[in-house]
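Written below as structure tokens is the structure these notes are about.
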Amino acid sequence: MARTPKVTWDMVRALIRAGYGVGHGIHYKPLLAIKRWNPSPVSVQVRRALPPYGRTGHFFSLSEWSLATVFVWAGAIVREQLAMWPWCHPHPQYGLNADIDSTWPWSEGMEAVCSAAGIRHGTFPGTSIPYIWTIDLALTIPWAARDIPGCTFVSVKPLDSERYIYIDPLDRGPEKLEGERQYARALGIKYFVGDRGLYSGDLLGQLDFLISAARLPRSHRWWPTLQRFLDRHEPYLSSSPISEWVERLQADFGAAKNEADYLVHHCIWHQIVDVDISRYLDFSKCPIGGGRRLRDELRRSLWEDPQ
């Protein structure tokens, strides 16, 4: 196994100059990435792309990946391993829109947050360099009914573990969660702790299956086929078995099987037809509605504007 590189100030400065741990969209680069020197002996690590940008993400557990798929399906934009710098730094939403950047508060830095909470901040092993904390998942919330988008932090931890049920005051794990919570609170960011057990296995499995068909740019050669298919058949799809959607795409529009499958999965992911994907999807039967309601409930759980 490759050896973990020693952390130096030169390395930290190089990461900052290269834009790791900050930014938005396709160019976002997580501070931590899955490398040959940091495999997990206990967790399934995932390197896969999330919509809408198709940027390859780095998820250090299956729970991180599973929750990320739920949140992007709900409509959030997910950044993994976002830096919570030790020193004073801009709000995590800084850089989304130059017109509103000046309205974001600045963080006083994680060292100051930890000091105020009586939490040991920590340094990189064998150095005096302050450790750089990261949040597992940082969500940008486009549906927030305000001039600026909302922001929610999610720490992904095994909630059924005795470590988080029966808190040991000497255990560093729960202490770090309190540091994250205080950091988020100071910036007006919603924060919660979760794992894949929050959602049904059918929902997680089917989102994992459908997510590869989430992206279909208008410039893609399959886009016109989708539009013609919907123009002709959309009113009748909820009363037709899903397998017939595939057959109609092939018979009426000359779509190849892989193209038809992709377009049907795309329709289900985006709820163009209301399909409850928290239940097992039987393609030989008509879809059961409820997916749009479920997505709305998920959105409210991630962000709900004050009344």
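Scanning segment 85-130 for residues being surrounded by 15 or more Cβ atoms within 10 Å (Cβ to Cβ), in contact with a His (Cβ under 7 Å, 6 or more places away or on another chain) and in a loop (DSSP other than H, G, I, E, B) gives a total of 5. When you scan segment 195-208, do you find a residue that is farther than 27 Å from Phe71 by Cβ, among the small types (Gly, Ala, Ser) and either part of a helix (DSSP H, G or I) or outside the structural domain of Leu50 (by TED's automatic domain parsing) (or both), even just one? Taking every residue of segment 195-208 in turn, none turns out to be farther than 27 Å from Phe71 by Cβ, among the small types (Gly, Ala, Ser) and either part of a helix (DSSP H, G or I) or outside the structural domain of Leu50 (by TED's automatic domain parsing) (or both). Look through segment 192-222, keep the residues that are hydroxyl-bearing (Ser, Thr, Tyr) and either under 20 Å from the mean Cα position of the chain (by Cα) or at pLDDT 95 or above (or both), and return whichever of them is surrounded by the most Cβ atoms within 10 Å (Cβ to Cβ). The qualifying residue surrounded by the most Cβ atoms within 10 Å (Cβ to Cβ) is Tyr199. If the condition is being of a type in the set (A, V, I, L, M, F, W, C), touching a residue at least 12 places away in the same chain (Cβ under 8 Å) and surrounded by fewer than 18 Cβ atoms within 10 Å (Cβ to Cβ), then segment 223-248 contributes only Leu230. Is there a residue in segment 245-258 that is outside any helix (DSSP H, G or I) and under 28 Å from the mean Cα position of the chain (by Cα)? Within segment 245-258, none of the residues are outside any helix (DSSP H, G or I) and under 28 Å from the mean Cα position of the chain (by Cα).
Taking segment 283-306 as the range and being free of Cβ contacts under 8 Å to residues at least 12 places away in the same chain, of a type in the set (Asp, Glu) and not in a helix (DSSP H, G or I) as the test, only Glu304 passes.
Checking the structure you have, find out if any residue of segment 179-191 is among the hydrophobic types (A, V, I, L, M, F, W, C), at pLDDT 90 or above, assigned to a loop (DSSP other than H, G, I, E, B) and under 26 Å from Leu298 (Cβ atoms). There is at least one residue in segment 179-191 that is among the hydrophobic types (A, V, I, L, M, F, W, C), at pLDDT 90 or above, assigned to a loop (DSSP other than H, G, I, E, B) and under 26 Å from Leu298 (Cβ atoms).
The values are calculated or read from the model by the stated rules, or taken from the named source; none is laboratory data. Please read all numbers here as calculations on a predicted model, not as lab measurements. Quick reminder, even Gly has a Cβ in these numbers, built from the backbone with ideal geometry, and neighbours come from all protein chains shown.
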